[in-house]
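Below is one structure, written out as structure tokens; the observations come after it.
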Amino acid sequence: MDKLYSNATIRKIKEEHNFRLSKSLGQNFLTDGNIVAKIVDSCEATEEDLVIEIGPGIGVLTAEAAEQAGKVVAVEIDKNLIPILKETLADYPNVTVVNQDILKTDVVKLIEEHGQINGKAPKGVKVIGNLPYYITTPIIMKLLEDHIPCDSITIMMQKEVAERIEAGPGSKTYGALSVAVQYYCEVEYVTTVPKEVFHPRPKVDSAVLRLDLRKEKPVDLIDEELFFQVIKGGFGQRRKTLHNALTGVHGLSKDQIAEVLAAADIAPNRRAETLSIEEFARIANIIAGE
Ligand code: SAM
């Protein structure tokens, strides 16, 4: 058989299985072995680790991950890909494919049910994936908010989303997503991926990020939910000053927000896009303490 990551193989699989690529499921398959290796190598899985893959497609990343990790559990929503994966991954007994929607999957349970390596719990858990672009943000936020027991998430996404995630204060692309992801993870930009290495070609370039889950959060919070409310409120109306944008958050009046900002030593005419995570935390903790 040709290499799995090639246009020829994809064409052959389409023909033999009467398989049609689904645009609405974000099916842009990788055709470049270097990128496949780069993503899997970046996650640094060992024989004692479990890899959870989101959206295996025809299994290019899955096969590569199965060579390195003790076990791979791949979650694929498209039932038409299941018989194909059975064939393409036949040589890898350490792979389990589940036909599920990742957004509806209890990942903690998935790890308990399928994650054992030689009857033992895995040493580490790494998530990988070439994500369907239409739900990149919901997938990332679900994994983080569900507090799944994993060490890192190495994923490919639209380049523009990767730039938003890694942006810092003062940057145009800095927003609620940057703060939320950076609160949970250390973000590393692994590589840019040109659109030419996909079948079919998407309209935009992609990028791979590695998100390392923090053992300790970068700020101490009295109320995590309130912190996220402040971030949402602040960025919800980007053009407004903090004083105006935060009015109404946690039911606070304009005067009360003025008092909170004064206590936090943050000028009321600043905008959310200039605030560091630490400054958002200061505001949230003052509101929580009142
Ligand atoms: N990993 C393959 C590759 O790199 O060639 C395929 C990547 S393709 C961009 C995204 C994959 O995610 C597709 O196989 C698609 O069917 C699957 N997918 C889309 N939505 C999903 C969901 N909600 N849950 C699980 N898989 C999903």
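The values are calculated or read from the model by the stated rules, or taken from the named source; none is laboratory data. What you see is a predicted model; the values in this text were computed from it and never measured. In this analysis, Cβ positions are derived from the backbone assuming ideal geometry, glycine residues included, and neighbour counts consider all displayed protein chains.
Filtering segment 56-75 down to residues that are small (Gly, Ala, Ser) and free of Cβ contacts under 8 Å to residues at least 40 places away in the same chain, which residue is farthest from Lys14 (Cα to Cα)?
Of segment 56-75, the ones small (Gly, Ala, Ser) are 57, 59, 63, 65-66, 69-70, 74.
Narrowing the set further to residues that are free of Cβ contacts under 8 Å to residues at least 40 places away in the same chain leaves 66, 74.
On the way: Ala66: 24, Ala74: 21 Å.
The selected residue is Ala66.
Among the candidates Leu143, Leu226, Leu242, Leu211, single out the residue that is among the hydrophobic types (A, V, I, L, M, F, W, C) and surrounded by fewer than 20 Cβ atoms within 10 Å (Cβ to Cβ). Walk me through it before giving the result.
Values: Leu143 fails: surrounded by fewer than 20 Cβ atoms within 10 Å (Cβ to Cβ); Leu242 fails: surrounded by fewer than 20 Cβ atoms within 10 Å (Cβ to Cβ); Leu211 fails: surrounded by fewer than 20 Cβ atoms within 10 Å (Cβ to Cβ).
Just a single option satisfies the conditions, and that option is Leu226.
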| note | With criteria (1) within 12 Å of the ligand (Cβ to nearest atom); (2) surrounded by fewer than 23 Cβ atoms within 10 Å (Cβ to Cβ); (3) within 28 Å of Ala121 (Cβ to Cβ), Asn28 comes up short on (3)
| Ala69 vs. criteria crowded, with 24+ Cβ neighbours inside 10 Å, aliphatic (A, V, I, L, M) and more than 11 Å from the ligand (Cβ to nearest atom) | yes
| Failed item in (1) within 11 Å of the ligand (Cβ to nearest atom); (2) surrounded by fewer than 21 Cβ atoms within 10 Å (Cβ to Cβ); (3) not aromatic (Phe, Trp, Tyr), with Arg20 passing the rest | (1)
| Members of segment 76-104 found to be out of contact with any helix residue (DSSP H, G or I) (no Cβ under 9 Å at 6 or more places or on another chain), assigned to a helix (DSSP H, G or I), within 17 Å of Leu61 (Cβ to Cβ) and touching a residue at least 24 places away in the same chain (Cβ under 8 Å), listed by number | Leu81
| remark: All conditions in (1) within 16 Å of the ligand (Cβ to nearest atom); (2) more than 25 Å from Lys232 (Cβ to Cβ); (3) surrounded by 21 or more Cβ atoms within 10 Å (Cβ to Cβ) are true of Ser152 except (1)
| message | Can you pull out every residue in segment 247-262 that is of a type outside the set (S, T, N, Q) and either over 32 Å from the mean Cα position of the chain (by Cα) or outside any loop (DSSP other than H, G, I, E, B) (or both)? | response | Val249, His250, Gly251, Leu252, Lys254, Asp255, Ile257, Ala258, Glu259, Val260, Leu261, Ala262
| task | Please verify whether segment 35-42 includes one or more residues that are more than 14 Å from the ligand (Cβ to nearest atom), at pLDDT 95 or above and assigned to a strand (DSSP E or B). | result | no
| Out of (1) closer than 29 Å to Gln229 by Cβ; (2) crowded, with 20+ Cβ neighbours inside 10 Å, what's the single condition that is false for Lys126? | (1)
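Determine, yes or no, whether Leu209 is outside any helix (DSSP H, G or I), in contact (Cβ under 8 Å) with a residue 60 or more places away in the chain and under 25 Å from Ile153 (Cβ atoms).
On the way: outside any helix (DSSP H, G or I): yes; in contact (Cβ under 8 Å) with a residue 60 or more places away in the chain: no; under 25 Å from Ile153 (Cβ atoms): yes.
No, not satisfied.
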| query | Looking at segment 82-124, which of its residues are under 25 Å from Thr136 (Cα atoms), away from the ligand (no atom under 13 Å from the Cβ) and of a type in the set (Ser, Thr, Tyr)? | reply | Thr96
